[in-house]
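The values are calculated or read from the model by the stated rules, or taken from the named source; none is laboratory data. Everything quoted here is computed from the prediction, not taken from an experiment. All Cβ positions, even for glycine, are placed from backbone atoms using ideal geometry, and neighbour counts span all protein chains on display.
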Amino acid sequence: MKYTFVTAFNKEHYDVYAKKMLQSVVDKWNQDDFRLIVYYDGYGCQPYDKPDAPEASFIEYRNLDLLKARNDFIQRNKDKNGRFAEAPYNYRMDATRFCHKVYAYTDLAYELIDQEYKGWMVWLDADTITTKEFTAEDAAKLLPDEVDVVHLGRVDIDYSETGFVGWNMGMHNAASMIVDIRGAYDTDEIFGYREWTDSFIFERLLNIYKAHGTQAHNLSEGVRGLAVFENSPLKDYFIHNKGNLKFDTPKLDTVSADVRGPKRYKQLADMVRHYSEGLNSFSIVETGTWNGGRAIEMALAAFENVDAVHYRGFDLFEDATEETDKLELNIKQHNAYAAIGNRLRQFSDKMKENSKVFTFTLYKGDTKKTMEAHQFNDVDLAYIDGGHSYDTVSSDYKYLSGVPVVVFDDYYSFQEEDKEVPEEHAGIIKTFKEAKDKNKYILPSQDMTAFGSNVHLAILLDKNAKPLPNELIRTPIIVKPKDCMPSDYIRNNIKENLELIKDYEWVQKYKPTDDHVAVVSGGTIDFKSLKNVRKKHNAQIWCVKHALPKLLEKGITPDACLVLDPRPIEGISTHGVKRTELFENIPQETVFYVASMTDPSVTRTIMSKTDKIKGFHAFTDGIRDTSITDKVVIDKDTGISDGALLISGGTAAATRTIGLLDTLGYHNIHLFGFDCSIVGITDEQKKEKDEEGKPKYIHVETGGENFYTTGELLALAQDLEKMFEEKALQLNMRYYGKDSLVSQLWEQSFYRNEYRTFVEATCQN
């Protein structure tokens with residue numbers, strides 16, 4: 001039997017893990033028994049654009065950027081990236097992220113089919129390390145001749161782990177299945193499925209084929225939990241370094257999806273950092289170990305200060321049942337005790353390579369019983385996130401009450417005063433309130449539950465414990481923006497604009513570009529830097545309406561101006577300027593991008609002075625069908641057609657411009673005029689009230705600096721703060737400005753402090 005393996009990686013991840021994988025293949029595989037085809041991307045489209053990777057006679061490297069079908073899929077479905085309107089990133093709906101694997105192995109499969117190849121084609125993830133000699137005899141144990149497909153099925157989730165998948169290409173069913181997988185991508189059929197990951201698509205087609213006689217061999221039959229690779233026969237030859245295990249020097253911001261997520265877990269990590277300062281070692285207890293991800297996250301945070309971490313974890317693991325899930329309000333998949341132990345052992349081994357000591361002990365069973373025999377007087381921090389019934393939470397705290405720092409997850413609250421947390425979800429709240437002789441804190445949080453409440457970390461500190469840092473307990477101002485005009489008014493605007501702009505071009509999706517754009521908002525503009533950016537990068541200049549007169553006054557003609565405001569042309573803007581004055585001078589070189597929600601009086605004013613107009617639809621709550629609450633559906637009464645492109649990006653034209661640019665393929669973004677604060681506010685202004693009798697000017701503090709702003713500007717600042725932290729945007733973003741609210745947000749942001757250059761292939765076949 002012949003064995004052809006295939007893998008893929010991009011440039012960003014080569015040094016992180018793929019190089020090690022390839023070197024282990026060269027060192028451990030019997031070269032006469034195998035062929036390995038390696039697809040790579042992100043290096044360019046010329047023959048010499050390739051990684052400096054280990055060479056061997058049985059390894060062949062191929063440029064994935066030259067696959068036209070894959071490039072077309074990404075371009076065609078650029079918006080199928082797990083981001084929808086204002087919703088959090090959802091990797092299960094990120095088709096572009098998971099398509100590279102499919103196009104790599106199907107490209108090879110098509111070639112093998114043409115060659116009438118009779119052997120196995122096996123996909124192996126590039127974060128897999130070969131640990132011992134691997135021969136054809138070993139492969140034969142994993143890949144039986146008589147079956148069509150070999151995979152890693154999962155009991156606790158309804159689709160396979162696809163880090164290792166084999167197709168017996170000599171079997172008609174196997175080859176046909178691959179052709180259908182590729183067809184599902186080429187025809188966009190995948191978007192008819194519940195999820196868009198390669199694993200989900202593979203499983204659905206596998207089930208169809210099994211129903212028609214395809215023989216599938218499950219290497220992880222009966223294995224509970226998510227770590228099926230690690231609990232299959234593959235463990236005898238490979239280590240699958242999923243998630244954080246890929247990284248030589250793990251960082252909290254570069255770990256796997258299971259240890260990222262809601263922002264309160266960043267707060268948890270910050271607490272671990274705070275309380276491990278000045279110590280030689282750090283001891284943690286967690287109830288609710290689940291998949292071990294939170295244990296790893298806390299350990300990584302502690303390792304920034306100490307060289308040794310000891311972890312004790314309590315969980316039901318595979319002993320959990322539907323009955324206990326219901327009682328303890330658990331909705332997560334169950335994991336096997338052995339699998340999580342293996343994961344933590346791998347993490348411990350990885351830490352040894354970094355001269356760190358991670359020891360752990362896991363306890364399986366009901367914590368009301370398993371914790372009874374233990375002492376916890378040597379523990380530095382306890383994290384309670386196991387069963388959520390009052391009986392279990394109160395019992396867990398009883399055993400851990402002597403720990404100087406106790407953290408509860410899933411403390412719920414509603415911002416609306418008339419709403420109460422359901423009784424069944426109040427176990428943490430009740431236990432927290434009953435605790436005596438402790439300093440109590442409920443950390444601010446924007447994380448939300450399915451039933452609409454905020455979800456917090458709640459902290460109990462010994463009276464003599466080091467206080468929490470101010471930045472953790474400071475309550476943020478959270479703005480809940482609403483449309484500035486009634487929904488009916490906005491909908492009428494849209495209907496009228498659809499007629500006014502019907503003969504003009506409307507925005508469509510464009511392929512990615514490496515061109516640069518400077519986005520200019522209505523605040524203080526660093527004109528010198530703006531001119532330098534234009535000259536250095538040959539950058540376009542896009543602006544909002546308030547910035548237009550300022551730019552023209554300095555002799556700068558913008559390439560584009562975005563208009564979003566649904567209010568009439570008559571009247572005073574939020575910046576205190578007559579709206580008519582904003583459009584007094586309209587340069588003929590400037591393209592005006594007019595949102596369909598814009599007041600038609602504004603549209604007509606612009607149309608009377610220029611014909612360089614393009615329309616687009618801005619997403620806003622005012623266009624939603626309010627009768628449907630479980631998903632976003634556009635009301636047909638708006639006149640917006642099904643499947644129309646909707647541009648998101650926050651409450652203001654400035655951030656909506658960034659959203660539009662992202663849709664148009666621009667990722668090199670330079671920000672000017674984004675202040676969101678008011679300089680030189682007077683004592684009299686501080687006393688002014690808005691229409692509702694509330695202070696017109698709001699005092700905020702961030703980064704140790706104090707600012708005054710307005711509700712509208714604060715909403716914009718909030719949008720920018722979210723954007724500055726949204727890693728999935730993959731923007732090459734730079735901010736120009738100082739001494740403002742936004743400049744402080746920028747200094748504290750992901751894109752400022754963890755900057756990564758955006759690289760996206762623009763190659764065409």
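Observations on the structure shown:
- The range 671-689 residues that are small (Gly, Ala, Ser), paired with ones that are surrounded by 15 or more Cβ atoms within 10 Å (Cβ to Cβ) and outside any loop (DSSP other than H, G, I, E, B) (beta carbon under 6 Å, 6 or more apart): GLY673/VAL520; SER677/PHE707; SER677/THR709; SER677/LEU741
- Subset of the range 155-183 (residues that are part of a strand (DSSP E or B), under 26 Å from the mean Cα position of the chain (by Cα) and of a type in the set (Phe, Trp, Tyr)): PHE164
- Taking the numbered list (1) out of contact with any strand residue (DSSP E or B) (no Cβ under 8 Å at 6 or more places or on another chain); (2) touching a residue at least 40 places away in the same chain (Cβ under 8 Å); (3) under 21 Å from LYS466 (Cβ atoms) in turn, ASP366 passes all entries but (3).
- Counting only helices (runs of 4 or more DSSP H) that sit completely within the range 282-359, those holding 3 or more residues that are buried (at least 19 other Cβ atoms within 10 Å of the Cβ) and in contact (Cβ under 8 Å) with a residue 12 or more places away in the chain correspond to 293-302, 337-353.
- Candidates THR620, THR603 - the one that is modelled with pLDDT of 90 or more and β-branched (Val, Ile, Thr): THR603
Conditions (1) part of a helix (DSSP H, G or I); (2) under 30 Å from LYS696 (Cα atoms), marked per residue:
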| position | (1), (2) |
| --- | --- |
| TYR593 | no, no |
| ARG604 | yes, no |
| LYS609 | no, no |
| GLY615 | no, no |
| SER641 | no, no |
| GLY649 | no, yes |
| ARG656 | yes, yes |
| HIS667 | no, no |
| ASP675 | no, yes |
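- Residue match in the range 244-251 (condition: under 27 Å from VAL405 (Cβ atoms) and at pLDDT 85 or above): no
This table checks each residue for (1) closer than 15 Å to SER596 by Cβ; (2) modelled with pLDDT of 80 or more; (3) not aliphatic (A, V, I, L, M); (4) not assigned by TED's automatic domain parsing to the domain that holds GLN744.
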| residue | (1), (2), (3), (4) |
| --- | --- |
| VAL632 | no, no, no, no |
| GLY639 | yes, yes, yes, no |
| ALA654 | no, yes, no, no |
| ILE658 | no, yes, no, no |
| SER677 | no, yes, yes, no |
| ILE681 | no, yes, no, no |
| ASP690 | no, no, yes, no |
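- For the range 543-575, a tally of residues being free of Cβ contacts under 8 Å to residues at least 24 places away in the same chain and either in a loop (DSSP other than H, G, I, E, B) or touching a Pro at 6+ places or on another chain (Cβ under 9 Å) (or both) returns 2.
- Residue within the range 127-139 that is over 28 Å from SER220 (Cβ atoms) and free of Cβ contacts under 8 Å to residues at least 40 places away in the same chain present: no
- Qualifying residue in the range 188-200 (condition: over 30 Å from LYS19 (Cβ atoms), free of Cβ contacts under 8 Å to residues at least 40 places away in the same chain and surrounded by 16 or more Cβ atoms within 10 Å (Cβ to Cβ)): no
- Screening THR361, THR367 for residues that are over 21 Å from MET271 (Cβ atoms), of a type in the set (S, T, N, Q) and touching a helix residue (DSSP H, G or I) at 6+ places or on another chain (Cβ under 8 Å) leaves exactly one candidate, THR367.
- The residue of the range 105-131 that is surrounded by the fewest Cβ atoms within 10 Å (Cβ to Cβ), among those that are out of contact with any His (no Cβ under 8 Å at 6 or more places or on another chain) and hydroxyl-bearing (Ser, Thr, Tyr), is THR131.
- Selection status of ILE525, within 33 Å of the chain's Cα centre (by Cα), more than 21 Å from ARG604 (Cα to Cα) and either part of a loop (DSSP other than H, G, I, E, B) or not assigned by TED's automatic domain parsing to the domain that holds TYR735 (or both): yes
- Answer residue from the range 315-337, given it is under 19 Å from ASP409 (Cα atoms) and acidic (Asp, Glu) and is modelled with the lowest pLDDT among those: ASP325
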